[in-house]
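Reviewing the structure listed below.
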Amino acid sequence: MSGESFNRYFRLIHAERQRRPSGRLWCPAADVYRTSDGWIVKVDLAGIRPEDIEISIEGPFLCVSGRRRDNVCGEGISHYHLEITYSRFEKTIRFPRSIERVSIERDYHDGLLVLRLHEEETKGQARAASLK
């Protein structure tokens, strides 16, 4: 890489960092655990109000979406350094089979959403369990 193209590359990176990180879709981190009766899903949603969180299930997909808002910044305030993204977010997790028949317990505390997905037993599963 020539010196000119090297400098141009770093100027582009610098210009990109000057833009406010908002207006784009971001994807929060999540952990998924298998339990004896279903799943536990933890999603890192720091700074998001519970009423701004949407949860949907379609087939084997769990989707957690919503919006993080900047309630501090307003008129007369200019930014100096920003790294937190304030915009819509979406996290989609694919499970090995349909989860449409699960019951969901929700817990949201200190910016961590914990979903407990309990699989409902079908008649075939209940019969097989009683034969063991």
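The values are calculated or read from the model by the stated rules, or taken from the named source; none is laboratory data. What you see is a predicted model; the values in this text were computed from it and never measured. The area values use the complete protein model at the heavy-atom level, side chains included, leaving out ligands, DNA and RNA. Shrake-Rupley method; radii C 1.70, N 1.55, O 1.52, S 1.80 Å.
Laid out as a table, the results:
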item: Per residue accessible area in Å² of the range 54-125, where ligands, DNA and RNA are left out and the probe is 1.4 Å; result: 72 Å²
item: Residues whose placed amide H lies under 5 Å from that of Gly66, excluding near-sequence neighbours; result: Glu54, Phe89
item: Full-extension gain in nm, Ser65 to Asp31, via 0.36 nm per residue minus C-alpha separation; result: 10.7 nm
